[in-house]
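Q: The structure is given below, and queries will be raised subsequently.
The values are calculated or read from the model by the stated rules, or taken from the named source; none is laboratory data. Everything quoted here is computed from the prediction, not taken from an experiment. Backbone-built Cβ (ideal geometry, glycine too); neighbour counts: all protein chains shown.
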Amino acid sequence: MVDILFYVFAAVAIGSAFGVVLARTPVGSLLFMVSTLASVAATYVLLEAHFLAAIQIIVYAGAIMVLFLFVIMLLNLGHEYRRDLKAPLAMIPAFAVVGAMAGFIARVFRATDVGAGMMTEAGRGIDAALLEHGAVGAIAQPLFTDYIVHFEVTGILLLVAIVGALALAKRSV
């Protein structure tokens, strides 16, 4: 049953991701993005990564999407911004090429067992960290020690994005 639900949520995530690209308006694209992020969170729950699922919903589907919505509304793109999708038949070859590439990559990974050893080694490291620190501690310990610079740069990048959105909104008002 879990496998079936996993594939259902994966299909919804992939379909919603296509909806993000193919939506005619920015708000429609944003709603498809929220659906994609919620589907990914559901797959995290099925994989028993409950903390990641909660963070996915709170941070990405909640806070970041609300920020994107404010930027879209402040820029007031409205009806004058419409994607020109007069030739949807022209997208069929593009989807065929992407599908063929994905199939080829999956076949190469399956045939050569690339990453099989890496996954077992990573699994042992994750199991040891979970036993030592617990579920949240296994994520927090490396995040705030080994990757603190990356964490701070991400915060600064989000701050710059907010300031840029406010500058664009003020210029258009």
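Q: With the checklist (1) within 19 Å of Ala165 (Cα to Cα); (2) at pLDDT below 80; (3) within 24 Å of the chain's Cα centre (by Cα) in hand, flag the one item Gly62 doesn't pass.
A: Single failed check for Gly62: (2).
Q: Still on this structure, please answer the following. Please work out if Phe104 is modelled with pLDDT of 70 or more and either part of a helix (DSSP H, G or I) or among the hydroxyl-bearing types (Ser, Thr, Tyr) (or both).
A: Yes: the conditions hold for Phe104.
For every residue, the table says whether it meets (1) among the hydroxyl-bearing types (Ser, Thr, Tyr); (2) farther than 25 Å from Leu159 by Cβ; (3) modelled with pLDDT under 85; (4) touching a strand residue (DSSP E or B) at 6+ places or on another chain (Cβ under 7 Å).
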residue	(1), (2), (3), (4)
Ile14	no, yes, no, no
Phe32	no, yes, no, no
His50	no, yes, yes, no
Leu74	no, no, yes, no
Phe95	no, yes, yes, no
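Q: Considering every residue within the stretch 33-42, establish whether at least one is touching a helix residue (DSSP H, G or I) at 6+ places or on another chain (Cβ under 9 Å) and part of a loop (DSSP other than H, G, I, E, B).
A: no
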